[in-house]
Each structure stands twice: as C-alpha cells, then as structure tokens.
Amino acid sequence: MTHAVVLDGAAVEAAVTPARAVEAVREAFVAYARGEWSMPPKVYVTNYPAGDFRAMPALGGGAALLKWITSFPGNPTKGLPTVTGVVLVSDASNGQLRAVLDAASVTALRTGAAAVLAAETLGRADAGTASVIGAGVNGAAAARTFLARGRPVSLWDLDADRAASVAAGLGAEVAPSLADALGADLLVTVTPGHAVLLEEGTLRPGQHVSLMGADGPGKAEAAGAELARARLFCDDWGQASHGGELAHAVEDGLIGEDDVTAIGDVLAGIAPGRTRDDEITMFDSTGLAIQDLAIALAALEAADLDALPVLEL
C-alpha cells in the first residue's frame, strides 16, 4: 500500500515563504537550463469559452511531478475559484506517490516568484518603483513577493474595491490610475489576457515588464508591435511561442526564436540579460512544471510531514 502526505493550500503556504519560493524557482530555472531537470510539453484540454484544463509533468531533484489544473476565468462570478487542481509528486527512483498538494497555492507561489525573479534579473539596477496590474490571486502573490523582497509595490485593478482590499491586506499601495501603474520601473501584469493592455508605445525606455497573464492560446497582454520594440525573454520558447504572450507576434512574423532568450540561460550565466539601461525588457511567463516541482519539493522539505494527513492507496 502507498502512503502519500496531503498538503492543502494552508499547509503549502505555511511551508514556503515568498522569499523561499523565489530561490526555489531560480534553482529550477538553472537546473532546466543545464539539462538537469526535464519537462515534457504542457497539454491543454480546452473547453472554451468556459475555460481549460492543463496537464503538466516534470522530472528533477529525485522526483516526478504531474500537475492537473484548471483556468476558468468566469468562475468568480459564480462564487468559484478561477484556478483549482492537484499536484502529484512521486519518487523518481521507484514510482511511488509521495505527496498530493493543492495546485492553486503552488501556482500562486511560483507565479509570484517568477514575476519578481524576472523583474530583479532583468530590471535596471537603479529601478525604484514597482507595480502589479491585476489584483486576483496571482497578482496578489506577485505583490506579496515584491514586499517580501523588501520592495514597495502598488496595485491596480479594474475592480477598484478589490485592489483596495488586497492592497490593505498586504500593506501595499493602490496606484492612483492605470497610467501611474504602467509607468513603474518594474511592472507585472496579471490580467486574464483577453484584452491588450500594452499598446504600441506604452512602455518607456528602461522599463521592465513581466507578462504573466497570457498563459494560453489566444491570450495577449501586449501588442505585437510593443513586443517587437523590446528585448524579449521567456520561461520556455516552446510554450511561449505556441501558447504564451509571444505566440501572436510569432504568428505575425514580428519575432522569431533568435529574438528571445530563456531566462534560465540568463540565470545560469549562459546568456546575457539586460545590456543597457535604456532597454525595454519583457518576460513572457507561461508557467512551467519545473517551477511547480521546485515549490512542491520546497514544501515537502519544510513541512512537518508527520503532522500532515495521509492518503492511502
């Protein structure tokens, strides 16, 4: 009989701080860039316009992972969460299931970590202001991570009441306007991706933006012409060029693989990041299973496993 520990959302969040999540995600990007961790392509099972299901496998650190997660943007109007699912972690040496984790909390931690890690890596050394557009679960996670790294942050959301509530809970500020939020030195966008937020000419020289919302086919937060103005980075070219922010610009022939650098290569010292203060840098995050694996392993390392409920199979 197999015994697997179960970590609900509260257990995951108690075990992994935002600061630890940044370091775990950094380690995962480097391991993936060096070929030490592997990740087959993400599989989408779509039921648009309602939403989609995603199956995400990864192997590394002595473990194998499968995340089964949903994205149903209309769920909040029904009193349901946008993102639900489970993360399964197995021992890579014998195939035995070790743990079942809440996928939403794992996703929020790694999304916030990736957004801020990219901003810290690719932003100007003298970057002062930071803002997050989108005050949902993952936007709040990005803001929380900025604060955990000692950087003040402002929030903006179409729903002003939600922005105010989330900001008050985190100890963040509310941006006076969308224009103010868009003008930050370090910008994170976590919108549903159904409408372009960054039209051509929106960003000024020297800004960085982590584009976190366009994580599936047909989504976009930035116009193709705006992408073409910037130094471009992504988490994984295969995912980004087919189902991420970069996909529409690739389809229109505005950019190609040679125009984009994997952030793991930057973190591993294989490729350069920002090379000039006046560059606009943009990071396309589609969300990688290796990031989920890093957060899951960090949670299992820090949690009191003997105090957790056990699933017997």
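Computed from the coordinates by the stated procedures, all read-outs in this text should not be read as laboratory data. Since the structure is predicted, the reported quantities are computational estimates derived from the model, not experimental observations. A quick note on method: Cβ atoms are made from the backbone with ideal geometry, for glycine too, and the neighbour counts reach across all protein chains shown.
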Fill in: Percent of Cα-Cα distances greater than 28 Å, calculated over the stretch 117-287
15
Item to complete: Give the Rg/Rh ratio for the chain, taking Rg as the radius of gyration of the Cα atoms and Rh as the Kirkwood radius, to two decimals.
Response: 0.95
Worksheet entry | 5 angstrom amide H check on Ala222, placed H, neighbours 5+ away | Leu197, Leu198
Discussion item. How large is the translational diffusion coefficient of the stretch 29-117 in µm² per second when you combine the Kirkwood radius over alpha carbon pairs with Stokes-Einstein at 10 °C and 1.306 mPa s?
Written reply: 110
Item to complete: At 0.36 nm per residue, minus the direct Cα-Cα distance, what do Ala268 and Thr46 gain on full extension? Give it in nm, one decimal, please.
Response: 76.5 nm
Discussion item. Run lengths n ≥ 4 of DSSP H only: what is the helix-derived mean residue ellipticity at 222 nm for the chain, with -39500 (n - 2.57) per run over all residues, to the nearest 500?
Written reply: -10000 deg cm²/dmol
Item to complete: List Ser38, Ser71 from most exposed to least, where exposure is judged by having the fewest other Cβ atoms within 10 Å.
Response: Ser38, Ser71
Worksheet item: Straight-line reach from Lys67: which lysines have Cα under 22 Å away, leaving out those fewer than 8 places along the same chain?
Response: Lys42, Lys219
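Round to the nearest 0.05 the FRET efficiency obtained for Asp304 and Ser177 when R0 = 35 Å and r is the Cβ-Cβ distance.
Numbers: r = 45 Å, r/R0 = 1.30.
The value I calculate is 0.15.
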Worksheet item: In the stretch 1-55, what GluC sites (Glu not before Pro) fall in a loop by DSSP, with at most 15 other Cβ atoms inside 10 Å?
Response: Glu36
Response to the item:
When Met212, Met1 are ranked with the fewest other C-beta atoms within 10 Å first, the list becomes Met1, Met212
Worksheet entry | Global geometry of the stretch 67-176, whether rounded, prolate or oblate, following the gyration tensor of its Cα atoms and the 1.5 cut on a/c | oblate
Discussion item. Starting from the 7 Å offset along Cα-to-Cβ, what nm value, one decimal, do you get for the label separation of Ala228 and Asp252?
Written reply: 0.7
Practice prompt. Report, in degrees rounded to the nearest 10, the 0 to 90 angle that the Cα long axis of helix 160-170 makes with the longest principal axis of the chain.
Written response: 60
Worksheet item: What nm value, rounded to one decimal, do you get for the distance between Ala10 and Ala195 when each label is placed 7 Å out toward the C-beta?
Response: 3.7
Item to complete: Quick one: order Asp157, Asp126, Asp52 by neighbouring beta-carbon count within 10 Å, fewest to most.
Response: Asp126, Asp52, Asp157
